[in-house]
Amino acid sequence: MKLHNLKPAAGSTHSDKRVGRGPGSGLGKTAGRGMNGAKSRSGYSKKLGFEGGQMPIQRRLPKFGFKNPTRVEYKAVNLSALQAASERLNVTAIDPEVLVQAGFASKNDLIKILANGELTAKLDVTANAFSATAVQKIEAAGGTVTKI
């Protein structure tokens, strides 16, 4: 087999239809686009959500919901994650930089400590917010809580 012998498998290729090239081709005059109207013109594209003149679903359904413009979004970090971070990094003070280093948060996240999991290490925890149960568990383990 040589490069000059290579050709595609039989039936795998075909030439494109050349439309609008005279009546003898069978695809002249309207070029397969039917009669007049917007769909026969070049550059036609129907509007997004157009349903053939029927009232579109986004107009049939009522508006709903509410986006609170003053909502504060916190990154939730559980006590089990704090325990894992303190063991892995061998630290007793947990602050946002330690949590970023451990991969539990990004540097611009506001962090809220939640109470899921057990905490055995005595930790000094600094974060933006705490759940009440998390504060109880941290203090019961002998640690301290500091809110930024």
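Go through (1) under 27 Å from Ala105 (Cβ atoms); (2) surrounded by 10 or more Cβ atoms within 10 Å (Cβ to Cβ); (3) not aliphatic (A, V, I, L, M) one by one and return the number of the condition Arg71 breaks.
The failed condition is (2).
Scan (1) over 20 Å from Lys147 (Cβ atoms); (2) without any contact (Cβ under 8 Å) to a residue 24 or more places away in the chain for the single condition Val98 breaks and write down its number.
Val98 satisfies all of (1) over 20 Å from Lys147 (Cβ atoms); (2) without any contact (Cβ under 8 Å) to a residue 24 or more places away in the chain except (1).
Would you mind finding the one in Ala129, Ala93 that is over 11 Å from Val77 (Cβ atoms) and small (Gly, Ala, Ser)?
On the way: Ala129 fails: over 11 Å from Val77 (Cβ atoms).
None of the others qualify; the one that does is Ala93.
Just give me the residues in region 105-119 being touching a Lys or Arg at 6+ places or on another chain (Cβ under 8 Å) and either of a type in the set (Phe, Trp, Tyr) or surrounded by 16 or more Cβ atoms within 10 Å (Cβ to Cβ) (or both), in sequence order.
Ala105, Asp109, Ile111, Lys112, Ala115, Leu119
Please tell me if Lys47 is within 40 Å of the chain's Cα centre (by Cα) and either closer than 30 Å to Glu118 by Cβ or of a type in the set (Ser, Thr, Tyr) (or both).
On the way: within 40 Å of the chain's Cα centre (by Cα): yes; either closer than 30 Å to Glu118 by Cβ or of a type in the set (Ser, Thr, Tyr) (or both): no.
Considered against the rule, which asks whether it is within 40 Å of the chain's Cα centre (by Cα) and either closer than 30 Å to Glu118 by Cβ or of a type in the set (Ser, Thr, Tyr) (or both), Lys47 comes out as no.
If you check Ile111 against the conditions, is it within 20 Å of Glu73 (Cα to Cα) and without any contact (Cβ under 8 Å) to a residue 40 or more places away in the chain? Please lay out each step first, then the result.
Values: within 20 Å of Glu73 (Cα to Cα): yes; without any contact (Cβ under 8 Å) to a residue 40 or more places away in the chain: yes.
So Ile111 passes the test.
Give Gly24, Gly20, Gly49, Gly34 a once-over and let me know the one that is modelled with pLDDT of 90 or more, of a type in the set (Gly, Ala, Ser) and not in a loop (DSSP other than H, G, I, E, B). It would help to see each step written out before you state the result.
Details: Gly20 fails: not in a loop (DSSP other than H, G, I, E, B); Gly49 fails: not in a loop (DSSP other than H, G, I, E, B); Gly34 fails: not in a loop (DSSP other than H, G, I, E, B).
Matching residue, one of Gly24, Gly20, Gly49, Gly34: Gly24.
When you go through Arg60, Arg88 one by one, which is the residue that is under 23 Å from Lys137 (Cβ atoms), exposed (fewer than 12 other Cβ atoms within 10 Å of the Cβ) and at pLDDT 90 or above?
On inspection, the qualifying residue turns out to be Arg88.
Can you tell me which condition Ala105 does not meet? The list is (1) among the small types (Gly, Ala, Ser); (2) under 21 Å from Lys137 (Cα atoms); (3) touching a helix residue (DSSP H, G or I) at 6+ places or on another chain (Cβ under 8 Å), and all the others hold.
The failed condition is (2).
Do you know which of the residues in region 120-137 that are closer than 13 Å to Ala81 by Cβ and either among the hydroxyl-bearing types (Ser, Thr, Tyr) or in contact with a Ser or Thr (Cβ under 9 Å, 6 or more places away or on another chain) (or both) is surrounded by the fewest Cβ atoms within 10 Å (Cβ to Cβ)?
That would be Ala121.
The values are calculated or read from the model by the stated rules, or taken from the named source; none is laboratory data. What you are looking at is a predicted structure, and each value in this text was computed from that prediction instead of being measured. For neighbour counting, all protein chains shown are included, and Cβ atoms are generated from backbone atoms with ideal geometry for every residue, glycine included.
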